[in-house]
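A quick write-up on the structure given underneath.
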Amino acid sequence: MKLEILNSESSDELSLIKRCNLLSFNRSSYYMKDKVKSDDYKLISDIEQIYEDKPFYGYRKILLDLNNLGHDIGKKKLIRIRKELNLRTIYPSKKTTLIDKEHKKYPYLLLGVEINKPNKVWSTDITYIKLKGNYVYFVGIIDWYSRKILSYRLSNTMDTSFCIEVLDEAVSKYGKPEIFNSDQGSQFTSNKFTSKLFDYGIKISMDGKGRWADNIYIERFFRTLKYENIFLKKYENMLELKSGIDKYIDFYNTNRYHSALAYQVPDDVYFQRNNIQVDNLCKLDKELIFKIVLCQNIIFSEALKSYVA
């Protein structure tokens with residue numbers, strides 16, 4: 001549709017640059033029209049739409065989306081088209097913890113622990129989000145095995161109460177974990193918070209001082225949330241922010257592919273809907289995993305077409 005408008009006689013008075021700007025159309029796509037087959041126009045349109053909706057997707061996840069849309073395209077062709085369209089993935093580019101010296105600290109329990117099922121280990125942390133010159137605080141809980149975000153809260157103040165609320169919500173929805181890991185922030189070392197964990201019968205684990213990597217999964221999620229949503233949306237107020245994060249976390253849990261999960265989504269792994277085991281995935285060939293999942297998707301799509309026909 002946009003190409004038809006760009007090529008219409010009524011638009012001759014405007015330069016191509018102005019026409020593309022008015023239509024929010026990538027000029028590289030216009031110049032590509034002589035290089036591609038007519039069948040590829042829909043493909044290019046879908047690639048641009050995926051990039052517009054999910055600019056944080058790399059080529060593997062874009063391939064999965066294109067496959068689900070019915071396109072038969074390989075890695076090399078996708079990379080070439082993205083390069084010609086000048087489409088680049090937005091990647092994440094690192095936060096402080098207030099420690100109360102009077103609070104009891106607990107040892108880190110996760111060294112050598114095999115995370116082989118949901119609810120084995122949960123972890124939590126707090127990050128800040130800049131909103132109109134002020135800061136609001138986000139606390140979330142993640143399941144280590146599935147990477148599923150179990151609950152979260154936003155607050156104008158960084159106190160213990162909203163951390164307890166998010167814990168209570170996660171336990172009420174999903175049961176309790178064997179181990180709960182956090183940093184040594186005063187909210188998590190407070191007697192109110194640790195007493196709540198003891199009441200639930202949960203083992204307490206805490207990162208070593210200055211060892212942010214001990215809580216790597218929630219840290220990675222914070223960066224992902226900011227680069228894939230917060231920085232792109234530029235929310236104006238708390239209501240917009242809450243609504244936007246609700247939608248993003250729903251997407252993250254139900255539709256965002258994770259290479260570490262054999263290109264499954266967190267909900268499928270948490271609820272064990274597939275038969276793919278994700279133990280020790282770091283030792284596997286991720287490229288091979290990706291090809292297997294892609295083939296599974298193709299087989300499923302073909303079977304679905306046959307069923308509908």
One residue is enough: does the stretch 167-175 have a residue meeting the conditions out of contact with any His (no Cβ under 9 Å at 6 or more places or on another chain), of a type outside the set (D, E, K, R) and farther than 23 Å from Tyr270 by Cβ? no
Any chance you could count how many residues in the stretch 227-255 are charged (D, E, K, R) and touching a helix residue (DSSP H, G or I) at 6+ places or on another chain (Cβ under 9 Å)? 4
Here is a check on your reading of the model: is Leu131 farther than 22 Å from Val265 by Cα and touching a Lys or Arg at 6+ places or on another chain (Cβ under 7 Å)? no
Go through (1) at pLDDT below 75; (2) within 30 Å of Phe221 (Cβ to Cβ) one by one and return the number of the condition Ser24 breaks. (2)
Among the listed residues Tyr248, Tyr235, which satisfies the condition of being assigned to a helix (DSSP H, G or I) and not polar (S, T, N, Q)? Tyr248
Pick out, from the stretch 116-224, the strands (runs of 3 or more DSSP E) lying fully within it that include 1 or more residues that are within 23 Å of Asn237 (Cβ to Cβ) and modelled with pLDDT under 90. 121-131, 134-143
Note on the stretch 102-115: residues in contact with a strand residue (DSSP E or B) (Cβ under 8 Å, 6 or more places away or on another chain) and either at pLDDT 85 or above or hydroxyl-bearing (Ser, Thr, Tyr) (or both) are Tyr106, Pro107, Tyr108, Leu109, Leu110, Val113, Ile115
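The values are calculated or read from the model by the stated rules, or taken from the named source; none is laboratory data. The structure displayed is predicted, hence computed values, not measured ones. When we count neighbours, we look across all protein chains shown, and the Cβ atoms used for this are built from the backbone with ideal geometry, even at glycine.
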